[in-house]
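Trainee: This is the structure I have questions about; it appears just below.
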Amino acid sequence: MSKLLILFIFQSWWLSLLVATVFFLVVIIFIRRRVETSRRNQVRLEVKIAERTREIRLQKTKIEEQKRLLEEEKNKVDEQQALLKIEKDRTEQWLLNTLPSQVVIELKRNGKVKAQAFKQVSIMFTDVVGFTRISESMKPSRIVSKLDILFQKFDEIIQANNLEKIKTIGDAYMCAGGVPVENSTNPIDACCAALQIQAFMDKLKYEAIADHEDYWEIRLGINTGPVIAGIIGNIRLAYDVWGSSVNLAQRMEMLGEPGKVTITGNTFQHIEPYFEYEYKGKALTKSRVKVDMYEVQRIKPELSINGEGLYPNTRFEEIKKLHHYSSIKYYKTEHYVMGILRKNLSESLYYHSINHTKDVVKSVERIALLEGVTDEGLFLLKTAALFHDAGFIEQYDHNEAIGARMAQEILPKYGYTELHVKTIVELIHATEIPQRPINNLQEIICDADLDYLGRDDFEEIADKLCQELIEMGKIKTRKEWDEIQVKFLSQHLYFTTTAIQSRRQKKLENLELVKARLAAGNYTD
């Protein structure tokens with residue numbers, strides 16, 4: 001029993017060990033297979049990952065290549081667009097350099113520009129004096145270089161004065177104001193530009209003389225009138241103006257003096273208030289018509305910067321606004337009244353002639369501007385100056401009331417209000433001797449009426465008054481006249497700061513001249 005039990009136990013242990021071993025081997029085999037399967041799966045996964053990675057890399061390479069190609073294509077397109085833009089800008093700039101900006105806008109919008117009529121355009125021509133002779137003795141390259149310097153400066157000046165360059169033909173330069181955009185100031189703009197161009201030429205002349213070199217001078221002509229303007233040609237576009245007004249401007253250039261600004265009466269009537277000028281007589285046009293010709297010397301000193309006569313100051317702009325916006329038609333009034341005086345004043349009025357009226361109008365404007373009068377008061381003063389001696393057409397003594405009556409009858413027709421006329425009548429009466437002005441405007445006209453007392457032409461004007469007084473039986477001798485002058489000059493006073501500063505000292509010197517003549521006693525009458 002015990003042996004059997006021992007044998008059974010022994011067999012059970014080996015059996016358990018065998019089972020355990022088999023189980024262990026099975027587990028190991030299972031694990032190894034699982035591990036092997038897992039490893040194989042891992043290898044397959046890694047292979048797939050490697051393949052996918054390679055595919056991704058290939059796709060990335062293709063994408064980058066496509067991107068590079070697209071970038072290159074884009075750069076080519078950008079370059080082409082940039083070139084097209086540059087070409088477009090160049091074309092537009094060429095158009096702007098060749099044509100007025102407004103014309104370019106119309107040309108781009110409509111593809112063409114219609115010819116247009118303009119009522120008031122100022123045309124300017126310049127031409128080098130003796131250019132044919134110059135071109136024979138100078139190298140072509142040197143001529144072109146000098147013309148380029150001139151024309152570049154001319155371009156700069158006309159642009160600053162609101163003018164449009166039309167064209168150059170050899171040594172001739174043509175520009176115009178009032179095209180393609182209409183404006184009322186183009187005669188003034190053209191004259192300002194002309195003076196600045198001639199000043200530039202004078203500067204070059206003085207520099208050349210200092211360097212012992214030859215210099216060029218130009219003639220310059222301006223006319224104002226109606227023109228037709230538009231583009232001519234299809235291949236080489238050019239903006240141009242046509243009409244008799246253009247021919248007359250060129251005629252002024254041909255007849256003008258070198259270094260001067262020559263204008264027609266058409267231009268003069270627009271610029272008279274702003275410039276000093278000289279009447280040059282009648283000019284004969286190619287069509288055998290006579291036209292008035294004037295030489296513009298400078299902007300009035302009181303209307304120019306630093307009194308130099310080249311560039312307008314703020315007073316200039318204020319007066320320009322006054323002339324354009326006031327209801328008063330002063331220049332029509334002046335034309336009408338001067339016509340009456342010219343026709344009706346006696347030839348025996350050597351002093352109180354139309355020239356005296358013109359002198360007082362000029363003096364009253366100068367003093368008024370320097371006194372800061374740039375509103376309608378300026379028109380009232382100049383109008384009063386027109387009428388202050390108009391009464392001489394009816395009677396010699398106490399004539400101011402007649403001039404006042406004429407003003408009351410005439411002025412309402414020319415835009416003057418009742419208050420304007422009342423002020424003018426008071427200004428006329430303020431000139432009666434002895435003068436007793438009660439406000440600044442009256443002081444101004446009183447000083448203007450006797451402005452000559454403190455000027456260099458005192459003796460000449462005083463002699464005319466002496467001759468007139470003798471003719472009218474008011475005095476008998478020149479000695480008597482000088483005695484009256486000494487008394488009058490000694491008692492006379494200027495009222496405005498402008499007249500005191502500019503005329504008082506010379507008046508005292510003139511007084512001493514008359515005293516010295518009286519003391520010498522060398523009279524023959």
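Trainee: Tell me which strands (runs of 3 or more DSSP E) are completely within region 201-286 and hold 3 or more residues being in contact with a Ser or Thr (Cβ under 9 Å, 6 or more places away or on another chain), or say none if there are none. Spell out the reasoning first.
Mentor: Details: elements: 218-232, 238-242, 261-264, 275-284.
Per the criteria, 218-232.
Trainee: Applying the selection to region 131-162, what residues are part of a loop (DSSP other than H, G, I, E, B) and surrounded by 12 or more Cβ atoms within 10 Å (Cβ to Cβ)?
Mentor: The answer is Met138, Asn161, Asn162.
Trainee: Then there's this: Hey, can you tell me all the residues within region 394-416 that are outside any loop (DSSP other than H, G, I, E, B) and buried (at least 17 other Cβ atoms within 10 Å of the Cβ)?
Mentor: Glu400, Ile402, Gly403, Ala404, Met406, Ala407, Ile410, Leu411, Tyr414 - these are the residues of region 394-416 that are outside any loop (DSSP other than H, G, I, E, B) and buried (at least 17 other Cβ atoms within 10 Å of the Cβ).
Trainee: Which residues, counting only those in region 423-479, are among the polar types (S, T, N, Q) and within 30 Å of Gln408 (Cα to Cα)?
Mentor: Thr423, Thr431, Gln435, Asn439, Asn440, Gln442
Trainee: Hey, another quick one. List pairs: first in region 396-422 and under 13 Å from Tyr330 (Cβ atoms) and assigned by TED's automatic domain parsing to the domain that holds Lys474, second modelled with pLDDT under 95 and charged (D, E, K, R), Cβ under 6 Å, 6+ apart or cross-chain?
Mentor: From residues that are under 13 Å from Tyr330 (Cβ atoms) and assigned by TED's automatic domain parsing to the domain that holds Lys474, the pairs are Tyr414/Lys329; Tyr414/Lys332; Gly415/Lys329.
Trainee: Does region 297-305 contain at least one residue that is in the same structural domain as Val121 (by TED's automatic domain parsing), small (Gly, Ala, Ser) and closer than 21 Å to Lys382 by Cα?
Mentor: Yes, there is a match, as at least one residue in region 297-305 is in the same structural domain as Val121 (by TED's automatic domain parsing), small (Gly, Ala, Ser) and closer than 21 Å to Lys382 by Cα.
Trainee: In the set Ile433, Ile445, which member is assigned by TED's automatic domain parsing to the domain that holds His352 and modelled with pLDDT under 95?
Mentor: Ile433
Trainee: Of the residues that sit in region 448-473 and are modelled with pLDDT of 95 or more and among the small types (Gly, Ala, Ser), which one is surrounded by the fewest Cβ atoms within 10 Å (Cβ to Cβ)?
Mentor: Filtering first and then ranking leaves Ala462.
Trainee: Just to verify a result, which residue in region 492-513, among those that are farther than 19 Å from Arg436 by Cβ and without any contact (Cβ under 8 Å) to a residue 40 or more places away in the chain, is nearest to the chain's Cα centre (by Cα)?
Mentor: Gln501
Trainee: Something else: Would you pick out the residues in region 368-389 that are more than 25 Å from Glu400 (Cα to Cα) and of a type in the set (Ser, Thr, Tyr)?
Mentor: Thr374
Trainee: Residue by residue through region 474-512, note down the ones that are surrounded by 14 or more Cβ atoms within 10 Å (Cβ to Cβ), of a type in the set (S, T, N, Q) and within 17 Å of Lys464 (Cα to Cα).
Mentor: Gln485, Asn510
Trainee: Considering each of Ile305, Ile319 in turn, give the residue that is in contact with a Pro (Cβ under 8 Å, 6 or more places away or on another chain) and in contact (Cβ under 8 Å) with a residue 40 or more places away in the chain. Even if it seems obvious, please write down each step before you answer.
Mentor: Details: Ile305 fails: in contact (Cβ under 8 Å) with a residue 40 or more places away in the chain.
After ruling out the rest, the residue left standing is Ile319.
Trainee: Also, quick follow-up: Name the one entry in Pro180, Pro187, Pro140 that is under 22 Å from Arg298 (Cβ atoms) and either in the same structural domain as Val296 (by TED's automatic domain parsing) or among the polar types (S, T, N, Q) (or both). Can you show your working first?
Mentor: Numbers: Pro180 fails: under 22 Å from Arg298 (Cβ atoms); Pro140 fails: under 22 Å from Arg298 (Cβ atoms).
The unique qualifying residue is Pro187.
Trainee: Which members of region 311-361 meet the condition of being in a loop (DSSP other than H, G, I, E, B) and hydroxyl-bearing (Ser, Thr, Tyr)?
Mentor: Within region 311-361, Tyr311, Ser326, Ser327, Ser346, Ser348, Tyr350, Tyr351, Ser353 qualify.
Trainee: So, in region 374-393, of the ones that are at pLDDT 95 or above and not in a helix (DSSP H, G or I), which residue ends up farthest from Glu443 (Cα to Cα)?
Mentor: Going through the qualifying residues, I end up with Asp389.
The values are calculated or read from the model by the stated rules, or taken from the named source; none is laboratory data. As the structure is a prediction and not an experimental result, all values here were calculated from the model. Neighbour counts are summed over all protein chains in view; Cβ atoms, including those assigned to glycine, are modelled from backbone coordinates with ideal geometry.
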